[in-house]
Each structure stands twice: as structure tokens, then as C-alpha cells.
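Please read the structure below before turning to the comments.
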Amino acid sequence: MQRLKTRPQFQAAMAGGTVSRTAHFALHRLVLEAAGGAIAVSPANAAAPTGPGSLPTTQGPQALFAVQGVWLGAMVPKRWARRAVTRNTIKRQIYTVGATFEAQLPRAAHVVRLRTAFDRKQFVSATSDQLKQAVRAELLQLFAHAVRRPGATAATAAPAVQAMHVMAAP
């Protein structure tokens, strides 16, 4: 399983649409084209800007994910998890649960996003076993629902791809 690392990768995956939601998490998916695997970079595209925030307009968001396989990213904003220890604990749980579902997930870029805070009165410690169990149970539910739901078709993925081209245009 590959991990999302750059901002354009996260933006492209989130533009793909929401596949599953729970009380605290949302799972976004961008289905990657299955046409023969990795996307080759031609000499004409090699001179394209590659800095942060740049998106190759000639190849679209698919160019961000040149390696075949399942991609996974975790977004745990400081707004919903104030302490770094809590954010790191939640991210570890996301990647661990995601790895267990890797074989069942389609070839796509996935982003798990924390969308609301866990109650600090109920989970006093940032790394308590209660918090880890609650996060893990909710992530299992999130991924199980996403696996049952079929991948997006080309018709549903097209608006997201077009939106990315519009955003990338100068």
C-alpha cells in the first residue's frame, strides 16, 4: 500500500468523492484508471512544473499516482484533535486498519478524514485504550462499508476529474 504524501495527491483523492462516513470519519476515493498500469512520463511532460501545488494538466490527477496499487492518506486536523499524541494515535490506527483491508480495496487513492472530535470528557487520555478501541471500531465500520460499495464508474468519476482540470488551469 502506497501512502499519499503531497498536497496535490490529497486534493485529487478528496475531489473523487465520499464513499463512506461514520460519526467521526469520512472516506474519500479517487478511482485510478486501470489502463495498463503505471503512467509513463513523456519527454514533453518532463519539463512541466513539479513543485508543491502543481498538477500536471496534460495527464490530470492520474499522473500523481504513477505506482500501481492502493493509495491511502490520513487527514487528522488539529481542529478536531488538539494534541499531537492523539493525532498520531489516530493516524496509526487509520494506516493499520487500512492495511488489513488493502486486498479488498479497489485500485484507487483513498483519504480517511477525521470530521469531528472525540469527546475529551469521555476519552481523558490522549492514548487511552478506550480511545484506540473506539477509533478502531469506527474505522473497521468505515472500511467495511467502503468495501461493500462498488467503485465509482467513469460517469461518476468524470466530474471530479474535470473539476481538477479546472482548478489546475492557470
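The numbers here are math on the coordinates, done by the rules we state, and not lab data. Since this is a predicted model, take the numbers as computed values, not measurements. Here Cβ is always computed from backbone atoms with ideal geometry, including for glycine, and neighbour counts include all displayed protein chains.
Before moving on, here are some points about what is shown:
- Here segment 1-36 is scanned for amide nitrogen atoms under 20 Å from the site 7 Å beyond the Cα of residue 107 along Cα-to-Cβ, giving 1-5, 9-10, 12-14, 16-17, 29-36.
- Averaging Cα coordinates gives a centre for segment 3-17 and one for segment 64-103; these two points are 12 Å apart.
- Once the Cβ-Cβ distance of residue 121 and residue 6 is raised to the sixth power relative to R0 = 30 Å, the FRET efficiency obtained is 0.25.
- In this structure, the amide hydrogen of residue 75, modeled 1.01 Å from its nitrogen in the peptide plane, lies closer than 5 angstrom to those of 112, 113, 114, counting only residues at least 5 positions away or on a different chain.
- Segment 101-108 - phi-based ³J(HN,Hα) in whole Hz, Karplus 6.51/-1.76/1.60, Gly and Pro as x: 9, 4, 5, 8, 7, x, 5, 7
- For segment 116-130, backbone phi angles converted through the Karplus equation (6.51, -1.76, 1.60; θ = phi - 60°) give residue-by-residue couplings of 8, 7, 7, 4, 6, 6, 7, 10, 5, 7, 5, 10, 5, 5, 4 Hz, Gly and Pro being listed as x.
- Gyration tensor (Cα) of segment 67-129, equivalent ellipsoid semi-axes in angstrom: 26, 12, 9
- Förster radius 30 Å - calculated FRET efficiency between residue 128 and residue 23 (Cβ-Cβ, nearest 0.05): 0.95
- Listed by chain and number, the lysines placed with their C-alpha closer than 19 angstrom to that of residue 5 are 78, 91; residues fewer than eight positions away on the same chain are left out.
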